[in-house]
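A.B. asks: Sending over a structure as structure tokens; questions will come in a sec.
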Amino acid sequence: MFGYRVPAPDEAMLISGGRRGQGGAPFRVVTGHGKFVLPVFRKVRFLTLAMCEAEVAETCVTRQGIALTVRAVIAFKVGNDTESVVNAGQRFLSDQDQMSVLTGRIFAGHLRSIIGSMTVEEIVTERQKLATEVLETSKTEMAKIGLIVDSLQIQSIDDGDTGYIDAMSAPHKAAIQRQAQIAQAQATQASVEAQQEAARNQAEYSRQTAIVQAQYSAEVDRAQAQAAQAGPLAQAHAQQEVLAAQTELAERAALLRQQQLVAEVVKPAEAEAERIRLLALAEAERMKIQAAAAASYDRVALDRMLIDQLPQIVKEASAGLQGANVNVLNGADGLGEIAAGLVGQGLTILDSVRRNLGAPEGATGGTPAGTPAGAPAGLANADGGTRKAPGRPIEID
């Protein structure tokens, strides 16, 4: 509509002519809505409320007398309140670019003032502190011209050719380089150790692989050798068992033959020798009995009968020994013991006969002891019995 004006969102509309504005201002401020303006009688101007920027590059001298070139960027704008718009409009409405120029000059002065009270170390290490102090000192002055500062950034600090900052950073650079070298050395050492460990692992794996392969080859060779020797070994074991069986059979055959020879040759010969010896002993005993009988008058007939029967007794004893199967365990000594036993038995029989006759050797006349009165003459047994009269052979149990 003709005469109706509306400011942009980032602008303030200033209407001059007519009545005064707030606080006696020469214009009225309209923001955020439109206004009907009478043409010819009213005049409308617009003041930007957008963000503006100012750069500062100022050479400042520190408390130590060292010149530093400081570069900073200031972000500012016109305040949103009516008072700030009025103050900024009265100063910058005709030339709004002057806001950046004036802001830069204001901050340059404050930078020189604050840096002059600080050392290079403080300025370099505490940039945020420097920016905060500059903002605080410039806030009142900026409010008077209707501007507010959103931020202040220190972009760079340069000492020119003095080399103070480089010298100040030299120990830190050296420490950093030393740490970097140590870290590099540690990394290199770790890399070398890792490579060595990998090489050792590879060598150990190769060694274990070689050992396993060697063991496998040895087992294969051993199995092949055992398989190759199985046949000859089995044949040798079989031959050994055959030889052992043959040896045992030969030993049994030799033992059997030895026993046969003892039974067929030695024992008959020994029995024959014993028989001859017993006959000789009997003959000697017979002669002894004859001599005793001749000395006894009353017993001539009885002794004669005993003498006649004694060869028959020895013959019977020798005949029993001739057919006997005697096992001699201790050789000639055992055979002598058997013969001596047989002779002793013969002599024992003879003595028993004599005792049963009731008369000691060399006695004469009378009836034998132990014979009942009136009984016919006879022989007494060893158990006290009576044998048959003379004229028949005497049977010995």
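The values are calculated or read from the model by the stated rules, or taken from the named source; none is laboratory data. These figures come from a predicted structure and were not determined experimentally. Counting neighbours? That spans all protein chains shown, and the Cβs are built from the backbone with ideal geometry, glycine included. Note: accessible area is taken over every heavy atom of the protein model, side chains too, but ligands, DNA and RNA are not part of it. Shrake-Rupley method; radii C 1.70, N 1.55, O 1.52, S 1.80 Å.
A.B. asks: Counting other Cβ atoms within 10 Å, which chymotrypsin sites (Phe, Trp or Tyr not before Pro) in the stretch 17-91 have at most 11 and lie in a DSSP loop?
C.D. replies: 41
A.B. asks: Something else now. On alpha carbon coordinates alone, what is the Rg over Rh value for the stretch 126-273, Rh being the Kirkwood radius?
C.D. replies: Rounded to two decimals, Rg/Rh equals 1.90.
A.B. asks: A further question on this structure: Step through the residues of the stretch 231-241 one at a time and calculate ³J(HN,Hα) from phi using the Karplus curve (6.51 cos²θ - 1.76 cosθ + 1.60, θ = phi - 60°), rounding each to whole Hz and writing x for Gly and Pro.
C.D. replies: With the stated coefficients, the stretch 231-241 comes to x, x, 5, 4, 5, 5, 4, 4, 4, 4, 5 Hz.
A.B. asks: Take the Cα of residue 81, step 7 Å along the line toward its Cβ, and report every residue of the stretch 138-160 whose backbone nitrogen sits under 20 Å from that point.
C.D. replies: 138-151
A.B. asks: At 1.4 Å probe size, with every protein chain present, just tell me what the per residue accessible area of the stretch 1-87 comes to in Å².
C.D. replies: Per residue, the stretch 1-87 has 57 Å² of solvent-accessible surface.
A.B. asks: Additional query: Could you sort the peptides 222-234, 113-125 by per-residue average Cβ neighbour count (10 Å cutoff), highest mean leading?
C.D. replies: Result, highest mean Cβ count within 10 Å first: 113-125, 222-234.
A.B. asks: Given 0.36 nm per residue, what is the gain on full extension from residue 201 to residue 53 after removing their alpha carbon distance, in nm?
C.D. replies: 46.8 nm
A.B. asks: Moving to a separate point now. Would you kindly find the accessible area of residue 287, with a 1.4 Å probe and non-protein molecules such as ligands, DNA and RNA excluded, rounding to the nearest 10 Å²?
C.D. replies: 110 Å²
A.B. asks: For the stretch 5-14, what does the Karplus curve 6.51 cos²θ - 1.76 cosθ + 1.60, with θ = phi - 60°, yield as ³J(HN,Hα) per residue in whole Hz, taken in order and with x for Gly and Pro?
C.D. replies: 10, 10, x, 6, x, 9, 10, 10, 8, 10
A.B. asks: Further question: What is the set of long-range amide H partners of residue 118 at a cut-off below 5 Å, with H atoms built 1.01 Å from backbone N?
C.D. replies: 63
A.B. asks: Give, in nm to one decimal, the length gained when the segment between residue 193 and residue 172 is fully stretched (0.36 nm per residue of separation minus the Cα-Cα distance).
C.D. replies: Net length gain for the segment: 4.5 nm.
A.B. asks: Here's a follow-up. Could you rank 93, 255, 152 by how accessible they are, 1.4 Å probe, largest area first?
C.D. replies: 255, 93, 152
A.B. asks: Roughly how many percent of the accessible protein surface of the stretch 223-276 is carbon and sulfur, given a 1.4 Å probe and a whole-percent answer?
C.D. replies: 63 percent
A.B. asks: Per-residue accessible area for residue 144 at 1.4 Å probe radius, Å² rounded to 10?
C.D. replies: Number for this one is 130 Å².
A.B. asks: Run the accessible area of the stretch 46-176 with a 1.4 Å probe and give the carbon-and-sulfur part as a rounded percent.
C.D. replies: Result for the stretch 46-176: 49 percent of the exposed heavy-atom area is carbon or sulfur.
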